[in-house]
Amino acid sequence: MAQTDVHGPPTTKAGPPAPAAPWAAAPDRAFTRDLRTVRVLWRRETIRFGRNKLRIAMGLVTPLMFLLVLGTGLNSALSEDSLRDFRAFLFPGVVLMSVQAPAIAVGASIVWDRRSGFLRQMLVAPVRRSAILVGTCLGGATSGAAYGVLILLLGPVADVPYRPGLLLVLLQVVLVSFAFTALGVAAAVCIRRPETFQVAVSLCMMPLFFLSGAMFPADGLPGWLGAAVRLNPLTYAVDALRRTMPGDGSAAMGDRAASPEWWGWTPPVLVETGLIAALAVLALSVATRRFSRVE
């Protein structure tokens, strides 16, 4: 109600300030919500992984076939002068293969969540979309690392001893799994149809694996093949695992160098690990940028 002042115009009594918007919370509260979102989505992926026992068993079939059948067969077929133990040489590639499938499956789950409408429900939540992707990628990295641990338990089959160096290998496996998951998520936010996603990922991941130096030395290859192997980021993931892993995997090819070279210079393991970390950050940044657009 207006009040009249004898010395001036009427004044209006100020009311209480308008309440702030519910999403305009303090930065610390927003950060807490993002952390809770990351934890929930990480737990969702791990629960999904743990409940599907058949998927865990089937995911180990192909790596075991490569290690026990292909590795043993080539180990007996090739001469001992050119090959000491092909299974030891093949083992890091088998670990990478075991990590690849479950990590990429997270991207497929995003495509199906979009079709079922669950993804849209997550997008309307008052959290950063980057937190949704980070939680999903961490869940996929955990699932992939679990597969890697199961394969590492078979190390004695490939003459890989149980030594403290395996802890460094495990950290590398987690990083590689996170990179695979980020690549799968980046593909999932760009591809909407599940059928198209499966075909596109299969066409991309299989050539990347065969051109990664997992089955043959990465150095000394002729022409275009050597250039493709050196440009493949998975080459450095396999080589970092092989050079860090205890045993004689790096020396399994005899006198021939197994590591990639840049103009006569072999990048150290730390540089190769940094390349994989950069790939993971790049893929996650692309996915976040695309995911931040209005659906």
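The values are calculated or read from the model by the stated rules, or taken from the named source; none is laboratory data. Note that this is a predicted model, so its numbers are computed, not measured. We place every Cβ from the backbone using ideal geometry, glycine too, and count neighbours over all the protein chains shown. For the accessible areas, the whole protein counts, side chains as well, though only heavy atoms, and no ligand, DNA or RNA atoms are used. Shrake-Rupley method; radii C 1.70, N 1.55, O 1.52, S 1.80 Å.
The residue of the stretch 21-36 that is most open to solvent (accessible area, probe 1.4 Å), among those that are modelled with pLDDT of 50 or more and among the hydrophobic types (A, V, I, L, M, F, W, C), is Phe31. Restricting attention to the stretch 48-70, the residues that are in contact with a helix residue (DSSP H, G or I) (Cβ under 9 Å, 6 or more places away or on another chain), open to solvent by 70 Å² or more (accessible area, probe 1.4 Å) and under 16 Å from Gly140 (Cα atoms) total 2. Of the candidates Ala101, Ala108, Ala88, the single residue that is in a helix (DSSP H, G or I), open to solvent by less than 30 Å² (accessible area, probe 1.4 Å) and farther than 20 Å from Val157 by Cα is Ala108.
What's the number of the only condition in (1) part of a helix (DSSP H, G or I); (2) crowded, with 21+ Cβ neighbours inside 10 Å that Met206 fails to meet? Every listed condition holds for Met206 apart from (2).
Only residues that are in contact with a Pro (Cβ under 8 Å, 6 or more places away or on another chain) and closer than 15 Å to Leu152 by Cα were counted in the stretch 47-70, giving 1. Among the residues of the stretch 37-69, those that are touching a residue at least 60 places away in the same chain (Cβ under 8 Å) and over 21 Å from Val149 (Cβ atoms) comprise Thr37, Val38, Arg39, Val40, Leu41. Selection of first residues in the stretch 151-178 that are within 17 Å of Leu60 (Cα to Cα) and open to solvent by 20 Å² or more (accessible area, probe 1.4 Å) and of second residues that are assigned to a helix (DSSP H, G or I) and of a type in the set (D, E, K, R), restricted to Cβ pairs under 9 Å at least 6 apart or on distinct chains, gives the following pairs, ordered by first then second residue: Val157/Arg87.
Go through Arg87, Arg43 for me and flag whichever is more than 30 Å from Met122 (Cβ to Cβ), among the basic types (Lys, Arg) and at pLDDT 55 or above. Testing whether each residue is more than 30 Å from Met122 (Cβ to Cβ), among the basic types (Lys, Arg) and at pLDDT 55 or above leaves just Arg87.
Arg230 falls short on exactly one of the conditions (1) out of contact with any helix residue (DSSP H, G or I) (no Cβ under 8 Å at 6 or more places or on another chain); (2) in contact (Cβ under 8 Å) with a residue 12 or more places away in the chain; (3) not in a helix (DSSP H, G or I), and that condition is (3). Screening Pro267 with (1) at pLDDT below 85; (2) farther than 30 Å from Ser130 by Cα gives one miss only, at (1).
Residues of the stretch 229-238 being open to solvent by less than 30 Å² (accessible area, probe 1.4 Å) and of a type outside the set (S, T, N, Q), which ones?
Initially, the stretch 229-238 is screened for residues open to solvent by less than 30 Å² (accessible area, probe 1.4 Å), giving 229, 232, 234-238.
Answer for the stretch 229-238, where residues must be open to solvent by less than 30 Å² (accessible area, probe 1.4 Å) and of a type outside the set (S, T, N, Q): Val229, Leu234, Tyr236, Ala237, Val238.
If you go through the stretch 209-227 and keep only what is modelled with pLDDT of 85 or more, buried (at least 17 other Cβ atoms within 10 Å of the Cβ) and small (Gly, Ala, Ser), you end up with just Ser212.
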